[in-house]
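Written below as structure tokens is the structure these notes are about.
None of the figures in this text is laboratory data; all of them are computed from the coordinates on show. No experiment lies behind these values; they were computed from the predicted model shown. FYI the Cβ positions are ideal-geometry reconstructions off the backbone, even for glycines, and counts take in every protein chain you see.
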Amino acid sequence: MTALPGSFEGGSFAASTIATVRRPRRYTVVLWLLPALVLVAAPMSVVLTTRTAPPNDLERAVLLAALLPLVTPLLMRAMRRTWDPLLLSPVWMLCAMGLAVIARVQPTRLNVQVLWITLGWALFIVLVGFPPLLSWMRRFRTLWLGLAILAVLSTLFLADDVNGSGTRIWLRVGPLTIQPGEVLRIALIAFIATYLSERGHLLTAARTNLGRIGRLDIPSRVYWLPLLGMVALSLLAVAAQRDFGPAILFVAAFLGMLYIATGRRDAIALAFVGFVVLAPLAYTASAHVHTRITAWIDPWADARGVGYQSLQAIGGFVFGGVIGSGPGYGFPGVIPAAHTDYPLAVIGEEWGLVGSLAVVLLYGLFVARGLTRAQFSDSRFEQYLGAGLALSVGVQIIVVSAGVLRMLPLTGVTSPFVSYGGSSMLMAWVILALMSRTGETPSARFTPEAGDAVRRTQHIAYALLAGFVAIAAGLGYWQVARPDLANDPRVGGERLNLEAVRVERGRLLDRNGTVLADTVLSPAGALRRYTDPSAVHALGFTSPRFGTSGAEAAVSDTLMGRTTTTPADTWRDLLHVPRAGTDVRLTLDNRLQRTAAAAMGNSIGAAVAIDPRTGDILALISNPTFNPSFGEEEWTRLLNDPKSPLLNRVTQGLYTPGSTFKTVTLAAAVEAGLVKPEDAATCPKEVVIDGSKVTSNNEPPGKQTKTAADAYAYSCNTYFAQLGVRVGEAKLRAMSQALGLTEAPPFALPTSTGRLSTDQKFLSSNAGLAASAYGQGQLQISPLELGLATAAIANGGVVPRPRLFLNDPPGAWRSAMSPETARLVTQMMVRGTTDGWAATAAIPGINVAAKTGSAEVAPGESSDALFIAFAPAEKPTIAVVVVKERGGAGSTQAGPVARAIIDAWIKMNPVR
Amino acid sequence: MLQDNWPLVLLGLRIGVAAALYLFLLIAIRALRAEVRARTMPYAVALPTYGVATPSASAPTALVEVVPLDAPARVGDHLEVLEYTGEGGEPGRLAGRSYALRGPALIGRNVGSTIVLPERQVSSRHARVFPDRGAWWVEDLGSTNGTYIGSRRVSGRERLDPSTEVRFGPVVARLVRDTAKNGAR
């Protein structure tokens, strides 16, 4: 039992016997010292990282600022004012983070910001120490408000368009530029608080002269007209400036205070409806607002224009992630006007979610403290004033943060205490002074009326809490859930570009170590050079503007040295040891690639060579190619080129396989035991299946089909049409699926999914089955899928998993058929080069297994020329697919290309 | 020495700032919660840190001081409704009900009241019962049918003793003190 410490006015408990429970005092000391430490440490951690010179004025300025939170309690005590650490300390922390932002993006203005903080603080001390502060606010309310409105209106004639944004809201007073809108907010809130505390009870309409409209009680107009009139006048004044940010804060503060004072939800609902109705007016009235809303709805649409700022801010959050890039190591410089409009994005980038969330929590604490002070005040005026100020600051923070996080359009209000800026900083300190003066004598008596106000203030607090939770969720979304955006050139491009200069991107090498791509660093930026233009679809490109593709995209992290696999890597990252890009070795063989490119010439189409044992992609040609170091104009041309040069035809092109698909039908039939190579067979000129006619005049001159092997080698459509019907839908489907023709192959580059038919029931009819069996129908298969199926036959029935990087382990993708079936099909494919259409790929001394295809894709046009082959048949080391669009006959057009590739490979890797 | 481990120093600074921010938030949010709780706690008020500071108290002042009222006002106290006649001579629906008193209570027909007495002759905001100086007090809030202690109509605030009956319009109730435990909480 101790005596009641101190006296306090109005305490009705002073006389009673009271047990005092004291909280430990050390917490208070912590709350006193921590802000000073952070005020030094946060900006210093940036300054020390980015500085190039020994300690200078900047650092001395920061040290000076740290003295302010230390002397504040002493000064306030001297003035017999109570120091409230819960209200003041968050402010210092916020100032510290603001200094860290300015030290990063506007280092030369750091001392100016320190000066603004000091001035704001001095203003705070003066106002807090001025005894009749609140009673003057009350007594001269109309004068203040009138002056503020006049000041706002004067901007219409005297304003400076300080930042060239088109909104003329600044007044120049000597060296200062002031936004009268900020002053008007405070004057208006003080006016409303006075009015409501004096006449608020009349607005509840309980006993006053009231009318009714429907279910709405309307108090006599003499009671509400002055209040509403002043609010409307203030709104009109800022609306005349075409500045709608403050208008939102006015309306929010007014409605909140009205609710706390009267509890009239109907009035709030009415005002809300009015707001919704009037908001579109703002949209049409101002081009500025229009632009901001356009930029909000889809910043990607004009990523280099109106959406630029917003996307770069999002990029900051994305790059920051959870722990941030570290102070001084982010790229917040790419965000225009970051120090005034987007400080939260800078904090999110450099300090991560850890930092940005802390800032939001600090704001939340500040607002919550302001509300509790107001809530328990014994004077109605202070209750309303404190709540109105806290509410307007809370809404301001929610609105500006939501704007930065693209949850709402940007409104052009600043982040109090954090943003760089004169008048907003000063006015924030004025608000702080007023909040410190409210609730100095809390109510000891709990009257029902006060209870209502307390409860309603609680409701306001919950509404604000919901807003802050939404902001925290927004931070989490961008900083944790969307790492993919880092590679979106419109979001992360600028930063990737800067990072590319910082880290030398690793080289791309072929399987023998030949350089395919390397980087030259120069002060102007990083230049990526490619040695083999034909490999562009495999290698892809990397551009800060247009993104990355191909292998460049698939192993981007490795190339940039961004793979943190061990704790040691993470540790090095934290210490900012410069990372080195890692070279990546591809499975491509540069010599084979060049041979293949030469063989393909300018023909539009695709060619791919695969090692059937490992799935290694040895060569990958997609014609036409493009120059990977394209500029803006060429990019547009590439996008609109009808020949689609950007398309990787090997992995994403889908072609009718033509007669090459007979191999699949054959494999299905052999696997089912329906056919052996030596089985007798004929090739009728014409058969009718299910009423549709199939013709065949494929036999080479002077040859006649006698066996199944002949039918395959001579590519007899009628035979395979009939065979397809014998095999049946289920088995043909099963074999296609087993070969992976109906699935997107697992690959480092994006792949397309082949299909047997576009129409679900197409294969159920015998006609459809017959047409598919010889490779027409509705078949659509990518060259890569076809190549893997060919490799599967070469590999004893096992489909290899395709791989592009030598570091990936080779492996099987799936098992398609028995080794015996594979052997028999191989045998028949060899027949194709010795005695059939595929003879164009025959190589002396080597057994080449092959099948031609000439797919009819459009009536009256040349067919697509296709060719599949592998060699040597006994122990295959290479499987090849060649497609020439509108090339004509597969045998004469695609065959020689396949032959050249196989020949080159076998010469390079002689059969042992 | 410092120069050699410069990256380590910077990392320490960075972690230090983050740690300081969250340490501060932890302490501050706990303190704020404690204070709000103390203010709404039964029989207790928080002494504000922001009363006029006494010169003798060293700055910074203590953050929150919870000062519970001493007995005899206790947590277990409640208001019990006795037999009464409802509308149309029927027995009242509320007879026998007991309402815990956990602090200042507003009594009335309004749903928002602390103790809701849904009887037509009870005013929407009828009276309030509150603790002060270790006792319970009742105050009429201008009700139509009045608040009575015994047969005497209450005007202003009057002390409520366990022995006497209190009547809100037609509803007769009695204060029951908790004798089991002593002290708040």
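Antiparallel versus total DSSP beta bridges in the protein assembly as shown: what percent is that, nearest 5? Taking every DSSP beta bridge with both residues in the protein assembly as shown, the antiparallel ones total about 95 percent. About its Cα centre, region A:755-912 has a charge dipole of approximately 380 debye under the convention of +1 per Lys or Arg Cβ and -1 per Asp or Glu Cβ, with nothing else charged. Every helix of 4 or more DSSP H residues in chain A counts as -39500 (n - 2.57), and over all residues that averages to -17000 deg cm²/dmol at 222 nm.
When each of the peptides A:723-734, A:134-145 is scored by how many other beta carbons lie within 10 Å of its residues on average, the order from highest to lowest is A:723-734, A:134-145. Annotation: peptides A:843-851, A:70-78, ranked by per-residue average of other Cβ atoms within 10 Å with the highest first, follow the order A:843-851, A:70-78. The residues packed around A:ALA711, meaning those with a beta-carbon under 14 Å from its beta-carbon, carry a net charge of +3 if Lys and Arg are +1 and Asp and Glu are -1. Mind giving me the FRET efficiency for A:ARG51 and A:ALA271? R0 is 51 Å, r the Cβ-Cβ distance, nearest 0.05 is fine. FRET efficiency, A:ARG51 to A:ALA271: 0.50.
Left without a cysteine partner by the 4.7 Å Cβ rule in chain A: A:CYS95. Counts of other chain beta carbons within 10 angstrom of each beta carbon in peptide B:22-34 average 6. Bridgeable aspartates and glutamates around A:LYS907 (alpha carbons under 17 Å apart, same-chain partners fewer than 8 residues away excluded): A:ASP589, A:ASP611, A:GLU874. How high is the FRET efficiency from A:SER135 to B:TRP6, r the C-beta distance, R0 51 Å, rounded to 0.05? After rounding, the FRET efficiency stands at 0.35. If a/c stays under 1.5 just call it rounded; otherwise compare a/b with b/c (prolate if a/b is bigger, oblate if not). Do that for the protein assembly as shown, with a ≥ b ≥ c from the square roots of the Cα gyration tensor eigenvalues. It comes out prolate by the Cα gyration axes.
Each other residue within a Cβ distance under 14 Å of B:ARG97 adds +1 if Lys or Arg and -1 if Asp or Glu, for a net charge of -1. In this rough spin-label picture, where each label sits 7 Å from Cα along the Cβ direction, the A:LYS676-A:ALA232 distance is 10.2 nm. Note on A:GLN704 and B:LEU82: their simple-model spin labels are 12.7 nm apart, each label 7 Å out from Cα toward Cβ. Measuring between alpha carbons in the structure, the pairs from A:LYS676/A:LYS706; A:LYS662/A:LYS731; A:LYS662/A:LYS884; A:LYS643/A:LYS761; A:LYS662/A:LYS706 lying more than 22 angstrom apart are A:LYS643/A:LYS761. Across peptide B:122-128, the mean count of Cβ atoms from other chains lying within 10 Å of each residue's own Cβ comes to 1. Helix screen, chain A: DSSP H segments with Cα axial length of 30 Å or more and mean Kyte-Doolittle hydropathy at least 1.0 are A:26-50, A:343-375, A:380-404.
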